[in-house]
Amino acid sequence: MSRPWTVSRIFWTLFCLLSLGGFIVLYLVFNQARIPDQDPKRCLSHVKQLGFGLEMYSYDHDGVLPEAGTWMDSIEVYTLNTLLPQDPEDPLRHPYGYAFRNRASRMKAASVSKPETFALIFDSTIHARNGHSETWSMPRPGTHEGQDTVGYLDGHARRVSVP
């Protein structure tokens, strides 16, 4: 025969369950806060993948890059990741962190004589979907230990220091 539940037994049971729940919530919150620190190259990877999406778009459109005002919408089918336009290392967690270069809007990629030096996508202070500008909108100092991430027309991406 079991003993009836007393007030103190109910109190201790609730206390243990709530404490366990609190520890689980704290673990999840603090674990999520550390995710950006675990891989400092995620922004670089995002810019490179966005560059590949732009390259695939241009292959399907006779070598022409998308219009600056709709570039994210245009390459969404090629990237298949809706989180790519968000800079994972942005300390303020803006929903969008990259801009497309205005000069590249509807431009034929083959018309650039040095694609390895033509900045196409870059960290930007314009935090809007389909953000576009020239490189003047890059954060100063950069958001990644004083540097900004830039994707170039030839497909490579790297961190650069902005004066």
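So here's what we get for this one:
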quantity	calculated
Percent RCO, i.e. relative contact order, over the chain, from Cα pairs under 8 Å lying at least 6 residues apart	21
Charged-residue dipole, Cβ positions (Lys, Arg, Asp, Glu), the stretch 40-161 about Cα centre, Debye nearest 20	220
Principal-axis tilt of helix 42-60 within the chain, Cα atoms, nearest 10 degrees	50
Candidates ASP90, ASP123, ASP60, ranked by Gaussian network fluctuation over the chain, Cα under 10 Å, top entry	ASP60
Given (i) 70, 37, 33; (ii) 87, 36, 22; (iii) 47, 40, 36, the label whose value is Cα extents along the principal axes in Å derived from this model	(ii)
Cut-off under 5 Å, modelled amide H: who pairs with HIS132 long-range	PHE100
Amide H within-cut-off set for PHE122, under 5 Å, with H built and near neighbours excluded	ALA99, GLY151
Candidates TRP12, TRP136, TRP71: whichever shows maximal mean-square fluctuation once the chain is modelled as a Gaussian network with Cα springs under 10 Å	TRP12
Ascending count of other beta-carbon atoms within 10 Å, so fewest first, for GLU145, GLU55	GLU145, GLU55
Charge dipole of the chain about the Cα centre (unit charges at C-beta), most positive-ward option of PHE52, TYR96, CYS16	CYS16
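We did not get these values from a lab; they are worked out from the coordinates using the rules stated. As the structure is a computational prediction, the values presented were derived from the model and not from experiment. Note: ideal-geometry Cβ built from the backbone for every residue, glycine included; neighbour counts use all protein chains shown.
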